[in-house]
Amino acid sequence: MNPPSLPVRTPDLPSRLPKVGTTIFSVMSALALEHGAVNLGQGFPDFDCDPRLVERVHDAMREGLNQYPPMPGVPALRQAVARKIEALYGKRYDVDAEITVTAGATQAIITAVLCCVHPGDEVIVLEPCYDSYGPSIELAGGTIVRVPLTPGSFRPDLGLIAAAITPRTRALLLNSPHNPTATVWTRVEMERLEALLAPTDVLLISDEVYEHMVFDGQPHVSASSLPGLAARAFVISSFGKTFHVTGWKVGTVAAPAALTAEFRKVHQFNVFTVNTPMQHGLARHLADPEPYLGLPAFYQRKRDLFREGLERTRLVPLHTQGSYFQCVDYRAVSPLGEAEFCKWLTREAGVAAIPLSAFYDGGFEQGIVRLCFAKKDETLQRALERLARI
């Protein structure tokens, strides 16, 4: 006798992130593929990394360095990172207790949030901002407090930041050089933030993944270079951005020992550790500082090439101080909203962009879209030729 058939049903699952759906980034990439558009919406290079870096990873693999590394990261890589930070920013971090290798910057961000944010805590984010910030805070049970950067200039308004701080404020998320607006915090602005936070217990999560892409001879002012900020900061960087290997997903976090101890409690259970041969390859590659010291000039040339081409279009470029993004004002071209303009641009001009409104909660229309110039020169020229026709 056959047993009675049992009902087959997938249980209902209440979403932890009910507001999250298909992002505009996925929509635009699919649309670009459908229409054969030059995809300047993608925030990553379309050119190869230094072949010497690949060989160094291959060497590590051939040497048998393919098993689990220590949870905080390969000692040689943490030592190389500590040396780089000290040389560039004058801050000495303890290799064993204050440097952690992560599976990219996004993992570093959510791990920093999860280790310090408790249900009911408030976290200040400065909009527009990278799209992982909000969901990370929500998953921790925190409350997002959104403070706008000044529309047009996208400079930080320290008065607004000060007004947003309450006894429940646990942390502030800062990003400089900034994605998507390409602004860079000045030393004066960072010093004002240092003074603002000094009497508080507010932690700082400083997203500095574009640290080596600052232009026109200006320095990157790392949170690690100001003692009052370094003492309360998780400073996040990305080898993916620095060495054109975004798909490798390797980053670092530098933080005081007490903060690092809490960070690693979460890190060991959401990732545990990071790709071993790549860590060894990166450590060897960092022995030569030229690849990252030469990065500002490398990307400034691309920025200038792209901006020069944009002068032949009806798009108005905003000032790009850092990162590899160029924002443009398109209001002389179209009255469409930003998302609809990006779709129109992809279909009709064959160039994909990202609406700036996608980086605001609920959207905020300014007639501005973001383009990425981390592309081969021929890719940029092909896009510029198409943009000149609109």
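Every number here is computed from the coordinates shown, using simple stated rules; none is lab data. Just so you know, these numbers come straight off a predicted model, no measurement behind them. We place every Cβ from the backbone using ideal geometry, glycine too, and count neighbours over all the protein chains shown.
A few notes on this one:
- Members of the range 89-111 that are under 14 Å from Val253 (Cα atoms) and over 14 Å from the mean Cα position of the chain (by Cα): Lys91, Arg92, Tyr93, Asp94, Val95, Asp96, Ala97, Glu98, Ile99, Thr100, Val101, Thr111
- Some residue of the range 299-317 being outside any helix (DSSP H, G or I), farther than 30 Å from Thr100 by Cα and among the hydrophobic types (A, V, I, L, M, F, W, C): yes
- Candidate set: the range 253-265, residues that are crowded, with 18+ Cβ neighbours inside 10 Å and not small (Gly, Ala, Ser); chosen: the one nearest to Gly104 (Cα to Cα): Val253
- Of everything in the range 159-214 that is among the β-branched types (Val, Ile, Thr) and part of a strand (DSSP E or B), the residue that is farthest from Leu126 (Cα to Cα) is Val214.
- Check on Tyr68, crowded, with 19+ Cβ neighbours inside 10 Å and among the hydroxyl-bearing types (Ser, Thr, Tyr): no
- When the range 10-26 is limited to residues that are in contact (Cβ under 8 Å) with a residue 60 or more places away in the chain and outside any loop (DSSP other than H, G, I, E, B), the one that is farthest from Ala339 (Cα to Cα) turns out to be Phe25.
- Subset of the range 219-231 (residues that are outside any helix (DSSP H, G or I) and buried (at least 22 other Cβ atoms within 10 Å of the Cβ)): Val221, Ser222
- Residue match in the range 258-265 (condition: among the hydrophobic types (A, V, I, L, M, F, W, C), on the phi < 0 side of the Ramachandran plot and within 20 Å of the chain's Cα centre (by Cα)): yes
- Search result, residues across the range 111-129 that are surrounded by fewer than 20 Cβ atoms within 10 Å (Cβ to Cβ) and not charged (D, E, K, R): His118, Pro119, Gly120
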